[in-house]
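A short write-up of the structure that comes next.
Any read-out appearing in this document is the output of simple, stated calculations on the displayed coordinates, not a laboratory observation. Note that the structure is a prediction, hence the values are computed from the model and not measured. Positions of Cβ are backbone-derived with ideal geometry, glycine not excepted, and every protein chain shown enters the neighbour counts.
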Amino acid sequence: MDFAVMTYNIRLGLDSDLETIAAVLAEADIVAVQEVGCEWVEGVPGNQAQQLAKLSGLNHFRFASALTVRPGTDPPEPIPAPTPEDRPGYGVALLSRFPLGPWTRHRLPKRKDEQRCILSGTVVTPSGPVTVMVTHLSIHEADRLAQGGALVRHAQTQATPLMVLGDLNAELGDPALDGLNRFLRNAAGDSPPVSFPSSAPTRAIDHIYVSQEIRVTQPSATVGVTCSDHLPVMAKLEF
């Protein structure tokens, strides 16, 4: 079975609109989305993951809050979200053309930066279930190094076939990705596509990692749209 997967940091839709973003997401069958809001204080109002699912035809979705807002603060003060269902919420989402099974959220280690998380979900494809992990690592080196280790430890507990998708804020040689590079393989091979900043990309920080049960039929490449400060990255895979 062939299918397309994508990872895309949409920056809350601040640089575009959800209709345009959804048209991009519709090119894939499974999509990891970062910087998504649900009743958040910035960006397109409402449940962005739900709206993107409806507009793109990727009708199955999960959203997990990494951040929420401390009650009664003005201006709103972001704080770590105690649960993935906290609203207002800011975090990551998984969208799929196929039904979704059980899912969980895991908070990542936090040093200097805002709270980050992993959304782990089961996608029930016609060829069987696949585990998909969606995440967004920190821009701060100390946080990212700790988060990279936690990401691998969590990935090692997951059922295979397995995919790890996200804005990892790290290029292939970054120490934060050392464990991931040993455990899984990058769908781009040794030369991931540059995806940031979208206006003149110089850094390859958006990645698709897969386990050995998954064959890469078309390596990761950027999709040439500028709806955000990142370019979407898409690969075609086969069980």
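Which of the aspartates and glutamates could be linked to Lys112 by a straight reach, that is with a Cα gap under 19 Å, when you skip same-chain ones fewer than 8 residues away?
Glu35, Glu77, Glu141, Asp143, Asp167, Asp174
Could you calculate the FRET efficiency of Thr160 with Glu114 from 1/(1 + (r/R0)^6), where r is the beta carbon distance between them and R0 is 30 Å, rounded to 0.05?
It comes out at approximately 0.45.
At 0.36 nm per residue, minus the direct Cα-Cα distance, what do Asp15 and Arg70 gain on full extension? Give it in nm, one decimal, please.
17.2 nm
Which percentage, to the nearest 5, of the DSSP beta bridges contained in segment 124-193 is antiparallel? If you can, show how the numbers build up before the last one.
Values: 2 of 8 bridges.
For segment 124-193, the DSSP antiparallel bridge percentage is about 25.
How would Tyr90, Tyr8 line up from fewest to most surrounding beta-carbon atoms within 10 angstrom?
Tyr90, Tyr8
Please compute the Kirkwood hydrodynamic radius over segment 21-110, one decimal place, Å, based on all pairs of different Cα atoms.
13.5
Counting each DSSP H run of 4 or more residues in the chain as -39500 (n - 2.57), what helix-only mean residue ellipticity at 222 nm follows after dividing by all residues, to the nearest 500 deg cm²/dmol? Intermediate values should be presented prior to the final figure.
Values: 4 runs with 38 residues, N = 239.
Helix contribution divided over all residues of the chain: -4500 deg cm²/dmol.
Can you put Val5, Val152, Val41 in order of Cβ neighbours within 10 angstrom, beginning with the fewest?
Val41, Val152, Val5
Please report the antiparallel percentage of DSSP beta bridges with both residues in the chain, rounded to the nearest 5.
Counting DSSP beta bridges with both partners in the chain, the antiparallel share is about 85 percent.
Please report the base-10 log of the normalised intensity I(q)/I(0) for the chain, using a Debye sum with one equal scatterer per alpha carbon and no solvent, at each q in 0.10, 0.14 (1/Å).
-0.40, -0.82
Which FRET efficiency value, to the nearest 0.05, do you get for Ile139 and Lys54 by plugging their Cβ-Cβ distance into 1/(1 + (r/R0)^6) with R0 = 25 Å? It would help to have the intermediate numbers written out before the result.
Details: r = 31 Å, r/R0 = 1.25.
For Ile139 and Lys54, the calculated efficiency is 0.20.
With 10 angstrom as the radius, rank Phe3, Phe63, Phe239 by how many other C-beta atoms surround their C-beta, starting from the fewest.
Phe239, Phe3, Phe63
In whole percent, what relative contact order does segment 2-230 give with Cα contacts below 8 Å and a gap of six or more residues?
Worked out over segment 2-230, it gives 18 percent.
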